[in-house]
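Asker: Got a structure here, written out as structure tokens. Questions coming.
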Amino acid sequence: MTIRRFAGALIFCSSLAFAQNMVAPADKSATPVEPKAIHSFDVSAIDKSVDPCVDFYAYACGNWRKNNPIPSDQSRWGRFNELGERDRYLLWVDLNRAATDPKTPLQRKYGDFYAACMNSDLADKLGDKPLLPTLALIEKLSDKQGLAALVARLQVDNGTPVFFRFGVEQDEKNSSREIAAVYQAGLGLPDRDYYLLDDARMTKIREQYKEYAVALFKLAGDNDEKAAAEADSVLAIETALAKGSTPRVELRDPAKRYHLLPFSDLSTLAPEFSWTAYLSNTPSPTLAELNIGTPDFFKAMNAVIADQSLDSLKSYLRFHALNSAAPWLSSPYVDLNFGFFEKTLQGQAEQTARWKRCTSLTDRALGEAVGQDWVKENFPPQAKASMQKLVAALEKALNEDIQSLPWMTPETKEQAEAKLAAFREKIGYPEKWRDYSKLEVKRDDLIGNLHRAAAFQIDYEINKLGKPVDEKEWSMTPPTVNAYYQPSNNDINFPAGILQPPFFEFSKDPAVNFGGIGVVIGHEMTHGFDDQGSKYDAKGNVNNWWTPADRAAFEERTSCEVNEYGNFEPVAGQKLNGKLTLGENTADNGGLRIAYRALMSVLASEGDDAATRKIDGYTPAQRFFISFAQIWCENRTEQYSRVSARTDPHSPGMFRANGAVQNFDEFGKAFGCHKGQPMMPEHPCVVW
Ligand SMILES: [Zn+2]
């Protein structure tokens, strides 16, 4: 229920409503095996038959891509995933130990949570029994007046994602305070486009989604006729909600998602829904005002409640209760859910092993519990010290970059520098861990644990209302392979999980580490100055600090990137959305440039020959660019590529690598390219 705003994460925004389904079902036969150690800069990954000036990604990653087909339990496989699998295995070691031999109360708690999840025999024996109280609650709804209270119970007690999201966020215009907020949600498919586009592919996916819904209702005991009617209702309601949903590109603009209004305005937008009854069935105090993030959506929701029959509304709630629990019920549910969300939609061939799914689930529910033990074993203190040095080097480089910008006036530069100077960094793990003492975990109650964890989470969020913002809070757990910039706090965050090879390896030369974690740091810093981040000031408030002329120059430059990336075609017939990916592309480009600048500064301090000293036959500049591109070596299923082209603000690895190097002449110089070659165009896009 948290409304987290990753204006910029390095890979995924895991808060998509869709992400809850991105786990695959059980495979009892799989036993955990420690993945091989990973190293930065892999010479054997390079395909030397390719001209780096023509297609640098094919050069840096060609052999890796040939030698690393997508494993059957994945829909995307890259070097990111290699590290993700390794971190997950190391987390499993902690969970497995705690499940069998806990030494502390906290270990008992997360060990029990994991053990309950692993008990697939019990899940099979129980069938849909753990969900029956929830289904009975829905069945009992006898009039539309009772809908709001029921929606609150489903969201709060069960974490069922119906209709909208209610949570707490920092006030975008007064970042020192926490406010309540509501946003559009309630769709089962990944995006509104899936309901509204009429091409053959989308039409087919809708049919498959409907087939899935019918099968799910039948599994829960409904006859053919009833299941078909219920599935029709689900599609009709979700299509109406999709029509009222704001496209994700528009939601990138803070002005379009910030509407601080009296609480009573919700009743004006959606009078059919009793908002006071809703609120009184959540742990929230009464609210004078809140951010109604997507007002049009609530009008659409109101029309749905007015137009649809009570039975249709109940079908919609019933579907989402079943759908969100399905990955953790008995095998038929698990398989059915996998078959649609992973296999059909994402192209994943086989179910993910249960130990992997349960490890990830425990990380989501109790990440800062098991994370405390995980970092003791997997995050040496010197890693933090090295990161602090690297961050300082990158901040200095970004400052120099700002000073050297030809398109920005001194007035705006001063503001940009003030924002950079106010950056705070968080490295590795929280200084203060979350307290899980109020979360009850039972070793024989997986669904109950999930429901209690959801309720615990919303309680935690709502508890923030009226209190000072906790600037030390993290939005990612320690073993996560990712990083993020949080615009309301103006801080950059690097979980321990990413501070390892291929991003960061002690024994490697600076060129390799600056091309890896250095670019990641630069990427997150640049998010403070991308299409979204640039609208927030040093204090994390939405506030214009630009002169009109400088803003126009900035937008002219970013529109160059919109066009450039918008012409990349990751899969036949589907181009990237240049506006959706703009922030990430700007961050990739800026990150590469400032990390390169920081590296050159380090090499200059090491003496005359440092910049020309070759290792493995490559100069430091060449090693920097290869290290950068190799972070993004990956293979994707066609289906995965299609979903992510519509939903993921990050470009695929191929374009993250080639898009950034072709905008940076230092790359062409390092590899002896000439102007006009694909990787050294006449008119590159340069922002930061
Ligand atoms: Zn990012």
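Asker: Considering only residues that are of a type in the set (K, R) and at pLDDT 95 or above, look in region 567-619 and name the one that is surrounded by the most Cβ atoms within 10 Å (Cβ to Cβ).
Answerer: Step one: filter region 567-619 for residues of a type in the set (K, R), giving 575, 579, 593, 597, 613-614.
Within this subset, residues satisfying the condition of being at pLDDT 95 or above are 575, 579, 593, 597, 614.
Details: K575: 13, K579: 20, R593: 23, R597: 20, K614: 10.
Here the residue is R593.
Asker: For region 645-654, which positions are outside any loop (DSSP other than H, G, I, E, B), surrounded by fewer than 23 Cβ atoms within 10 Å (Cβ to Cβ) and either at pLDDT below 95 or not basic (K, R) (or both)?
Answerer: A645, T647, M654
Asker: Scanning region 526-554 for residues that are of a type in the set (S, T, N, Q) and either part of a helix (DSSP H, G or I) or within 16 Å of the ligand (Cβ to nearest atom) (or both), which turns out farthest from A598 (Cα to Cα)?
Answerer: The extreme case among them is Q532.
Asker: Looking at region 346-369 only, could you name the residues that are part of a helix (DSSP H, G or I), of a type in the set (G, A, S) and farther than 21 Å from E524 by Cβ?
Answerer: Hits for region 346-369 are S360, A365, A369.
Asker: Further question: Go through region 177-230 residue by residue and tally those that are over 30 Å from D470 (Cβ atoms) and of a type in the set (V, I, T). Talk me through it step by step, then tell me what you get.
Answerer: Our first condition is that a residue be over 30 Å from D470 (Cβ atoms); within region 177-230, this holds for 187-230.
Cutting the leftovers down to of a type in the set (V, I, T) gives us 203, 205, 214.
The qualifying residues number 3.
Asker: For G607, work out the one condition from (1) within 16 Å of the ligand (Cβ to nearest atom); (2) in a loop (DSSP other than H, G, I, E, B) it doesn't fulfil.
Answerer: Unmet condition: (1).
Asker: Is it the case that some residue within region 45-54 is among the hydroxyl-bearing types (S, T, Y) and either in contact (Cβ under 8 Å) with a residue 24 or more places away in the chain or in contact with a helix residue (DSSP H, G or I) (Cβ under 7 Å, 6 or more places away or on another chain) (or both)?
Answerer: The answer is no, given that none of the residues of region 45-54 is among the hydroxyl-bearing types (S, T, Y) and either in contact (Cβ under 8 Å) with a residue 24 or more places away in the chain or in contact with a helix residue (DSSP H, G or I) (Cβ under 7 Å, 6 or more places away or on another chain) (or both).
Asker: Could I ask something else about it? Determine whether A483 is of a type in the set (A, V, I, L, M), under 22 Å from the mean Cα position of the chain (by Cα) and more than 30 Å from T160 (Cβ to Cβ).
Answerer: yes
Condition check ((1) within 16 Å of the ligand (Cβ to nearest atom); (2) acidic (D, E); (3) closer than 23 Å to Y89 by Cα; (4) in contact (Cβ under 8 Å) with a residue 24 or more places away in the chain) across all residues:
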site	(1), (2), (3), (4)
L450	no, no, yes, yes
F456	no, no, no, no
L465	no, no, no, yes
E473	no, yes, no, yes
T477	no, no, yes, yes
E505	no, yes, yes, yes
E524	yes, yes, no, yes
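Asker: Can I ask one more? Can you tell me how many residues within region 216-233 are surrounded by 16 or more Cβ atoms within 10 Å (Cβ to Cβ) and within 20 Å of V334 (Cα to Cα)?
Answerer: 8
Asker: Does S404 satisfy being at pLDDT 95 or above, surrounded by fewer than 19 Cβ atoms within 10 Å (Cβ to Cβ), farther than 19 Å from A598 by Cβ and among the hydroxyl-bearing types (S, T, Y)?
Answerer: no
Asker: Here is a follow-up. When you scan region 150-170, do you find a residue that is at pLDDT 95 or above, over 27 Å from the mean Cα position of the chain (by Cα), surrounded by 22 or more Cβ atoms within 10 Å (Cβ to Cβ) and not in a strand (DSSP E or B), even just one?
Answerer: No, region 150-170 contains no residue that is at pLDDT 95 or above, over 27 Å from the mean Cα position of the chain (by Cα), surrounded by 22 or more Cβ atoms within 10 Å (Cβ to Cβ) and not in a strand (DSSP E or B).
Asker: Sort out for me the helices (runs of 4 or more DSSP H) sitting completely within region 250-341 that have 3 or more residues that are among the aliphatic types (A, V, I, L, M).
Answerer: Details: elements: 254-257, 265-269, 275-280, 295-307, 310-325, 331-338.
By residue number, 295-307, 310-325.
The values are calculated or read from the model by the stated rules, or taken from the named source; none is laboratory data. This structure is a prediction, so every number in the text was calculated from the model and none was measured. Note that we place each Cβ from the backbone using ideal geometry, even for glycine, and neighbour counts take in every protein chain shown.
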